[in-house]
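Student: Handing you a structure now.
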Number of protein chains: 2
Amino acid sequence: MLLVRLLDLAALPADAIPPDAARMARLSLFDWIVCGLAGRDEPVARILRGMVTQESGAPQASLFGGGAAPMRAASLVNGATSHALDYDDTHFAHVGHPSVAIYPAALAVAEARNLSAKSVIEAFAIGAEASIRLGLALGAGHYERGFHQTATAGAFGAAVAAGRLMGLDRDGMRRALGLCATRASGLKSQFGTMGKPYNAGIAASNGVECALLAQAGLSAPDDGVAGPQGFVPTHSDGSDIAAAFALPVSERFLLADVKHKLHACCHGTHAMIEALRSLCAEEGITPDAVAAIRLSTAPRWLSVCAIPRPRTGLEVKFSYAVLAAMVIAGRDTASDRSFTDDLAADPALTSLAAKLSVTGDPGLTDLHARGVLCLTDGRELLFAHDLAAPKAPDALATALQGKARALIGAAADALWTDVMASDGGCARELGHWLTEGGRK
Amino acid sequence: MLLVRLLDLAALPADAIPPDAARMARLSLFDWIVCGLAGRDEPVARILRGMVTQESGAPQASLFGGGAAPMRAASLVNGATSHALDYDDTHFAHVGHPSVAIYPAALAVAEARNLSAKSVIEAFAIGAEASIRLGLALGAGHYERGFHQTATAGAFGAAVAAGRLMGLDRDGMRRALGLCATRASGLKSQFGTMGKPYNAGIAASNGVECALLAQAGLSAPDDGVAGPQGFVPTHSDGSDIAAAFALPVSERFLLADVKHKLHACCHGTHAMIEALRSLCAEEGITPDAVAAIRLSTAPRWLSVCAIPRPRTGLEVKFSYAVLAAMVIAGRDTASDRSFTDDLAADPALTSLAAKLSVTGDPGLTDLHARGVLCLTDGRELLFAHDLAAPKAPDALATALQGKARALIGAAADALWTDVMASDGGCARELGHWLTEGGRK
């Protein structure tokens, strides 16, 4: 049943992709390239690029940071590179990062076969939807057991995207997914190490490999996904196959709900940042007008991103107090480069940060924050933001362009133009952005 | 604890490898090359060789069947190729195939670094022991959940072997294993498809990749193997970490118990074949002297290899009846080429086969068979064999050479000489066997 639905989805005509999902897929392509360019000099990116460069294979697909490699190798490098800063998009229904697992696979195959940029976006949309649906089937029992959906469900999405671009027929796609069942892997216990971005590369590379082998005729189980001792039963203690397609893809692509990070810090702080930014913009708040900040968030964040007096730039990313101070003081939270160790010691921020108190409220979701800003004149202003609420399309586009400028400078505008106009372009032009982007 | 023991094992000096294990490792090297050469034209071998050949990377390591590829790619190809016929060695304590997962990794790294053949055998012995010990820790709950030890525990063994040959220090080896925790994969539901030999290639390739990345500095969890949400807890419902090193490696290497297949048919039939071969040789039994064959085996084999009237050569591999007839009639069971469809229809065999009856005996292990050969003169001769009993070293050597001749012809003798004398040789000479073996 699950396999049939996934195969139906994989075979969906491009014009059946809902416009809102297609639009999100295109925005994610822009954001994915920005994240990859911003991450290209991170150690994990250099190490993986170094490994495949030493292998010196056929230059089939571009690498973030320069050079080219065979499809499997390029997918590995580009997945890890674009997830190096952990600044890429997130889908909260199954909790995974669609772009870093699937775009590397789609782009590599499309470059190697000289396909259009449009086909890359379509293959991503279908592949991402497949990974989200499979992620729902795997359920919370997958994540709780310790598996990392970006790596696991992501590999199947990458296989769907790659297989689609290779023109696999239904039986070929079945075998690609069946092989992916034995190839996909990835654990959450890698979080906090370079193993986390590596997981994204693993997903992309596995997807490409399984699609290539299926195309070449490798056989696989009838149903490696949900059949006996298939991927779902072996990798989840509480799978929910019915949930996966409860909302038919003909009605809606869940991909449309994907969220883009706009601040280079822990996702648990973003709702607060958005809420305070709106309030400060509307009310013209200045730092010296603030007497106290009382924040409420989902209780689980208290052990994650409530460091009261961070000592390093990295710790600031997990500090409601200093991040609130940054927003009120008008500091940039979009650029990874903002988060220096000096920032943590800035007296203007630390005195403001000391005014924040945070409490857990079980009534709030992980995406929701609210609070009260107490002013020295005695006024108490409420603030709140729910990341689950869709951002207006134009606002999202503007925000992503702002993030891109913060990360890759002026090249952001040319990239935006290219990606938004890419109906007519080819995948290799996109590939050129990976190797050369932001170098001018 | 498990991680510490594995790291201790990985760092063991070569002269601490017990002689019986070192001898088995060398015999397994010979047998592994024979299996790879015999399997080099199987479809799964051609498909994987085709994929990496198209990638046309640096010729770092030899491929079974010709050509060379980067270490990761060569390991993938050679693992799958050598497991294509399912004729390679088996370790029954954890139930996995050590050689096909670990020798491809060890040889590829040693070729790339131009190391000695002796170092390949030593790295295999240590890596195989690590995979067997980890396999014991994963326990029956790993296999029963659906994971394929050859692929999973095998990847860690391959990482140990590869890392050792790369000269990783203790922290490097820890990271290699920590990365392998997120990279290793493989399901039993692939059995009966090309996904099964693919699993062996996955293991070898994953091991090499993780060792390369660890050497290049990729970070990993403190204990990715048995730490929180590490590989063992996420991949087994009933792990038994204490069992893994209950017998210290300083006392014995479990690798010494590895079993080599000597007949090109289901492992469940081998005990019967050995028992009947001994009896027929001792008593000079001829087919027309046989009135009935009454066989007892472990009950689980009745649904696996008790096809009474096989219709194809493949089905003969799962038929006690025809296999018993082959032994009594003096037919070769060592060569895969014996098992033709004509064989299944041979009247001399089918009339003999009709005289066999088989019953399940819960008192017998999977490795044990016994029975009664009833002769036309009224005599009843008992036969029995337990594969668990170690074969005398010379007998095993002779048997493996016989198997090799059946599979690769006269080249077997030259290969034997090379492998047995390989203390002085280099890994690249072994690699030459993969590409050119048996072509003369």
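The values are calculated or read from the model by the stated rules, or taken from the named source; none is laboratory data. Since the structure is predicted, the reported quantities are computational estimates derived from the model, not experimental observations. Glycine also receives a Cβ, built like all others from the backbone with ideal geometry; neighbour counts cover every protein chain displayed.
Student: Scan the range A:163-183 for residues that are within 12 Å of chain B (Cβ to nearest Cβ) and either in contact with a strand residue (DSSP E or B) (Cβ under 8 Å, 6 or more places away or on another chain) or not aliphatic (A, V, I, L, M) (or both) and jot them down.
Tutor: A:Arg174, A:Arg175, A:Gly178, A:Cys180, A:Ala181, A:Thr182, A:Arg183
Student: Which members of the range A:210-223 meet the condition of being small (Gly, Ala, Ser) and either more than 7 Å from chain B (Cβ to nearest Cβ) or in contact (Cβ under 8 Å) with a residue 60 or more places away in the chain (or both)?
Tutor: A:Ala211, A:Ala214
Student: What's the total number of residues in the range B:302-343 that are over 27 Å from B:Glu283 (Cβ atoms), among the small types (Gly, Ala, Ser) and in contact (Cβ under 8 Å) with a residue 24 or more places away in the chain?
Tutor: 1
Student: Over 28 Å from B:Ser219 (Cα atoms), more than 14 Å from every other protein chain (Cβ to nearest Cβ) and of a type outside the set (Gly, Ala, Ser): which single residue out of B:Val120, B:Val95, B:Val160 fits that description? Spell out how you get there, then give the answer.
Tutor: Working: B:Val120 fails: over 28 Å from B:Ser219 (Cα atoms); B:Val160 fails: over 28 Å from B:Ser219 (Cα atoms).
Residue meeting the stated conditions: B:Val95.
Student: Check the range B:300-316 and report whether any residue there is outside any loop (DSSP other than H, G, I, E, B), at pLDDT 95 or above and over 24 Å from B:Cys35 (Cβ atoms).
Tutor: No, the range B:300-316 has no match at all.
Student: Quick check, is A:Ala226 assigned to a loop (DSSP other than H, G, I, E, B), modelled with pLDDT of 95 or more, at the interface with chain B (Cβ under 9 Å from one of its Cβ atoms) and in contact with a helix residue (DSSP H, G or I) (Cβ under 9 Å, 6 or more places away or on another chain)?
Tutor: Numbers: assigned to a loop (DSSP other than H, G, I, E, B): yes; modelled with pLDDT of 95 or more: yes; at the interface with chain B (Cβ under 9 Å from one of its Cβ atoms): no; in contact with a helix residue (DSSP H, G or I) (Cβ under 9 Å, 6 or more places away or on another chain): yes.
Against the criterion (assigned to a loop (DSSP other than H, G, I, E, B), modelled with pLDDT of 95 or more, at the interface with chain B (Cβ under 9 Å from one of its Cβ atoms) and in contact with a helix residue (DSSP H, G or I) (Cβ under 9 Å, 6 or more places away or on another chain)), A:Ala226 does not qualify.
Student: Search the range A:28-51 for residues being facing chain B (nearest Cβ under 9 Å) and touching a residue at least 60 places away in the same chain (Cβ under 8 Å), and hand back the single one that is surrounded by the fewest Cβ atoms within 10 Å (Cβ to Cβ).
Tutor: Restricting to residues being facing chain B (nearest Cβ under 9 Å) and touching a residue at least 60 places away in the same chain (Cβ under 8 Å), the top hit is A:Pro43.
Student: For the range A:232-244, name all the residues that are under 12 Å from A:Gly135 (Cβ atoms) and facing chain B (nearest Cβ under 9 Å).
Tutor: A:His235
Student: If I go through the range B:255-279 residue by residue, how many of them are of a type in the set (A, V, I, L, M, F, W, C), surrounded by 21 or more Cβ atoms within 10 Å (Cβ to Cβ) and farther than 17 Å from B:Ser338 by Cβ?
Tutor: The number of residues fulfilling the criteria is 4.
Student: Turning to a different aspect of this structure: Quick one: which residue in B:Val109, B:Val77, B:Val52 is over 22 Å from B:Phe156 (Cα atoms) and at pLDDT 95 or above? Walk me through how you get there before you give the answer.
Tutor: Working: B:Val109 fails: over 22 Å from B:Phe156 (Cα atoms); B:Val77 fails: over 22 Å from B:Phe156 (Cα atoms).
Within the list B:Val109, B:Val77, B:Val52, the selection yields B:Val52.
Student: Out of the range A:71-116, which residues are among the β-branched types (Val, Ile, Thr) and touching a Lys or Arg at 6+ places or on another chain (Cβ under 6 Å)?
Tutor: Answer for the range A:71-116, where residues must be among the β-branched types (Val, Ile, Thr) and touching a Lys or Arg at 6+ places or on another chain (Cβ under 6 Å): A:Val77, A:Thr81, A:Thr90.
Student: Another question about this same structure. Considering each residue of the range A:340-390, count those that are surrounded by 15 or more Cβ atoms within 10 Å (Cβ to Cβ), of a type in the set (Lys, Arg) and not in a strand (DSSP E or B), and give that number.
Tutor: Matching residues across the range A:340-390 total 1.
Student: Only one residue in B:Ala84, B:Ala73, B:Ala101, B:Ala106 is under 30 Å from B:His267 (Cα atoms), touching a residue at least 24 places away in the same chain (Cβ under 8 Å), facing chain A (nearest Cβ under 9 Å) and not hydroxyl-bearing (Ser, Thr, Tyr). Which one? Outline the logic, then answer.
Tutor: On the way: B:Ala84 fails: facing chain A (nearest Cβ under 9 Å); B:Ala101 fails: facing chain A (nearest Cβ under 9 Å); B:Ala106 fails: facing chain A (nearest Cβ under 9 Å).
Sole residue among the options that is under 30 Å from B:His267 (Cα atoms), touching a residue at least 24 places away in the same chain (Cβ under 8 Å), facing chain A (nearest Cβ under 9 Å) and not hydroxyl-bearing (Ser, Thr, Tyr): B:Ala73.
Student: Here's something else I'd like to know. What residue, among those in the range A:163-196 that are closer than 17 Å to A:Ala216 by Cα and of a type in the set (Lys, Arg), is surrounded by the most Cβ atoms within 10 Å (Cβ to Cβ)?
Tutor: Checking each candidate, the answer is A:Arg183.
Student: A further question follows. Of all residues in the range B:371-396, which are modelled with pLDDT of 95 or more and within 16 Å of the chain's Cα centre (by Cα)? First the steps, then the outcome.
Tutor: Within the range B:371-396, the subset modelled with pLDDT of 95 or more is B:371-386, B:396.
Selection gives B:Leu396 alone.
Student: Further question on the same structure: Can you pull out the residues in the range B:122-139 that are touching an Asp or Glu at 6+ places or on another chain (Cβ under 8 Å) and assigned to a helix (DSSP H, G or I)?
Tutor: If the condition is that a residue be touching an Asp or Glu at 6+ places or on another chain (Cβ under 8 Å) and assigned to a helix (DSSP H, G or I), then B:Leu136, B:Ala137 are the ones that fit.
Student: Are any residues in the range B:332-367 touching a Ser or Thr at 6+ places or on another chain (Cβ under 8 Å), of a type outside the set (Ser, Thr, Tyr) and modelled with pLDDT of 95 or more, and if so, which ones?
Tutor: Within the range B:332-367, B:Ala353, B:Val358, B:Gly360, B:Asp361, B:Leu364 qualify.
Student: Consider A:Arg164 carefully, then state whether it is within 24 Å of B:Phe147 (Cβ to Cβ) and either touching a residue at least 60 places away in the same chain (Cβ under 8 Å) or over 19 Å from the mean Cα position of the chain (by Cα) (or both).
Tutor: In short, no.
Student: Which is in contact with a Pro (Cβ under 6 Å, 6 or more places away or on another chain) and of a type in the set (D, E, K, R), of A:Glu55, A:Glu122?
Tutor: Answer to the selection: A:Glu55.
Student: When you look at B:Gly217, is it farther than 20 Å from B:Ala395 by Cα and touching a Ser or Thr at 6+ places or on another chain (Cβ under 8 Å), yes or no?
Tutor: For B:Gly217, the condition - farther than 20 Å from B:Ala395 by Cα and touching a Ser or Thr at 6+ places or on another chain (Cβ under 8 Å) - is not met.
Student: Right, next: Out of A:Gly207, A:Gly201, A:Gly186, A:Gly192, report the one residue that is at the interface with chain B (Cβ under 7 Å from one of its Cβ atoms) and either closer than 28 Å to B:Gln215 by Cβ or modelled with pLDDT of 95 or more (or both).
Tutor: After ruling out the rest, the residue left standing is A:Gly186.
Student: Going through B:Ala226, B:Ala243 one at a time, which residue ends up being farther than 21 Å from A:Met194 by Cα, among the aliphatic types (A, V, I, L, M) and touching a residue at least 60 places away in the same chain (Cβ under 8 Å)?
Tutor: When all the criteria are applied, what remains is B:Ala243.
Student: Mind checking which pairs have a first residue in the range B:247-270 that is within 29 Å of B:Gly360 (Cα to Cα) and of a type in the set (Asp, Glu) and a second that is at pLDDT below 95 and in a loop (DSSP other than H, G, I, E, B), Cβ under 9 Å, 6 or more apart or different chains?
Tutor: Short answer, once both residue conditions are applied: B:Asp257/B:Phe92; B:Asp257/B:Ala93; B:Asp257/B:Ala388; B:Asp257/B:Pro390.
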